[in-house]
1. Work out the FRET efficiency for Lys391 and Glu138 from their Cβ-Cβ distance, taking R0 = 51 Å, and round it to the nearest 0.05.
2. For region 319-420, which chymotrypsin sites (Phe, Trp or Tyr not before Pro) are both in a DSSP coil and crowded by at most 11 other Cβ atoms within 10 Å?
3. Please identify every one of the chymotrypsin sites (Phe, Trp or Tyr not before Pro) in region 237-323 that sits in a loop by DSSP and has no more than 14 other beta carbons within 10 Å of its own beta carbon.
4. Report the GluC sites (Glu not before Pro) located in region 296-338 that are in a DSSP loop and have at most 11 other Cβ atoms inside 10 Å of their Cβ, or state none.
5. Over the chain, what is the relative contact order in whole percent, taking alpha-carbon pairs under 8 Å and six or more residues apart?
6. Under a point-charge model restricted to the Cβ atoms of Lys and Arg (+1) and Asp and Glu (-1), what is the dipole moment magnitude of the chain relative to its Cα centre, in debye to the nearest 20?
7. What is the mean projected area of the alpha carbon convex hull for the chain, to one decimal in square nanometres?
8. So what does log10 I(q)/I(0) come out to for region 245-415 at q = 0.09, 0.14 Å⁻¹, using the Debye formula with one equal point on every Cα and no solvent?
Amino acid sequence: MKSNGGLSKQVYIYTVSAVGAFILFTNLPRFRDTSQIAEFLFMFLLVAIGEIAPVTIPHGSGTVSVSPPMNYTVTVLYGPAAGIWVNSLATLRKRDLSGEVPIRLVLFNRGMLAISMFMFAKTYEAAGGVFGMLEWPEGFIAFLTAAIVESLFNAILFASYYSLDSGMSFLGVWRLNIQWTLPSMLALYPLGILMILVAQQGGPFLLTLFYLPLLTVRYFLNKYIELRTAYREMATALSNAIDARDAYTRGHSERVAEYAALLAKELKLPEDRIELIRYVGLLHDVGKIGIRDAIMKKQGAYTYEEYEEMKTHAKLGAQMLSGVSFLGEGQEWVKYHHERWDGKGFPDGLKGEEIPLEARIIACADAFDAMTTDRPYKAKLTLAEAKEELKRCSGTQFDPEVVDAMIRIIDRMIAQGRWK
């Protein structure tokens with residue numbers, strides 16, 4: 001049986017596909033002569049070439065294209081039908097035609113693109129734009145309005161699909177996969193106006209001159225994605241380096257990152273916040289790199305002096321991460337992840353809500369993993385015992401709200417058979 005979420009997703013896919021097909025086949029392009037057909041086919045080819053190497057978004061399997069200015073140009077100069085067909089069919093990629101992408105998703109993407117360009121054309125016309133030419137100032141205003149509407153429609157249709165597919169909230173999808181692309185899309189609008197004016201005055205063949213700036217935009221979008229990937233890989237590598245110093249804590253940072261992300265989601269934090277907590281969870285013990293092996297690998301209780309040195313790892317970790325700008329206030333979460341709700345923690349003795357919520361989340365995730373992992377000086381607790389320990393320390397060591405969320409997560413994962 002399909003879950004309600006799965007059924008909703010399928011209904012959404014087929015609805016968008018059907019609406020897109022209806023728009024396509026009720027808007028057939030018409031041309032006045034063979035020369036206009038040749039121009040249209042040339043534009044179709046330019047868009048297809050521009051789709052060879054799209055930019056993959058950082059979460060999910062969606063992509064960002066730099067071909068919208070060309071699609072806008074076709075629509076304004078050759079009419080809505082031509083623009084809808086180019087936007088829907090010239091954007092087919094090798095993986096769409098080779099069977100790599102399921103046919104239902106290929107049809108969904110065509111539907112999404114047909115609907116978006118249909119909205120561009122209708123908005124352009126309603127705002128006073130004239131097809132066949134771009135006039136100042138009415139045409140410029142109409143174009144910019146239509147381009148914004150098209151971009152938003154495309155983004156909303158995609159975000160709705162990915163939300164149903166992933167179970168992530170619509171707002172979360174927007175923040176992680178859409179929000180960062182909008183400035184790049186806005187930068188393409190003036191280029192679209194310029195392309196229309198050039199094609200209007202000198203013919204569409206001059207549009208080949210615009211491929212350099214379009215490819216430049218694509219290059220910088222790709223670099224942005226690569227940078228985000230590098231951040232993630234860096235955090236994972238550092239966490240592995242920390243855990244490798246002690247065979248008994250190997251995998252600890254990754255588990256803490258996962259538990260912290262689950263807690264953040266349970267507490268309904270925004271998706272971009274959850275992503276940052278995951279990064280910080282990976283790096284929460286980075287300061288232990290500066291702690292002597294004699295202490296790190298000691299099998300037994302610490303002396304007072306050794307414990308005082310071990311306690312410095314939280315502040316040291318925050319100092320080490322101070323130059324990592326993408327973590328932002330996450331450096332503070334590293335510093336305060338050993339603070340206690342009752343004010344008896346370290347390094348600054350913060351208490352209650354003086355401690356950043358994210359640090360309270362990481363503290364609970366960190367302690368839970370320590371409880372449920374074998375160490376040389378103690379055996380791990382069962383899940384039932386760990387739950388009782390969390391409850392016992394609720395309101396003293398841990399934020400009661402965070403503990404309640406952790407208990408719900410444990411119970412749910414036991415029910416799903418993921419923990420025993």
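1. So the FRET efficiency works out to roughly 0.15.
2. Working: sites: Phe326, Trp333, Tyr336, Trp341, Phe368, Tyr377, Phe398, Trp419; in loops: Tyr336, Trp341, Tyr377, Trp419.
The qualifying sites are Tyr377.
3. Values: sites: Tyr248, Tyr259, Tyr279, Tyr302, Tyr304, Tyr307; in loops: Tyr302.
Passing both the DSSP loop test and the Cβ count: Tyr302.
4. Details: sites: Glu305, Glu306, Glu308, Glu309, Glu329, Glu332; in loops: Glu329.
Here the sparse-neighbourhood loop sites are Glu329.
5. Values: 557 pairs, mean separation 50.0, N = 420.
This gives 12 percent for the chain.
6. Numbers: 43 positive and 44 negative charges, 197 e Å.
I would put it at about 940 debye.
7. Working: hull surface 97.6 nm².
For the chain, the mean projected area of the Cα convex hull comes to 24.4 nm².
8. -0.28, -0.72
Values quoted throughout were computed directly from the atomic coordinates according to the rules given, and no laboratory measurement underlies them. These figures come from a predicted structure and were not determined experimentally. All Cβ positions, even for glycine, are placed from backbone atoms using ideal geometry, and neighbour counts span all protein chains on display.
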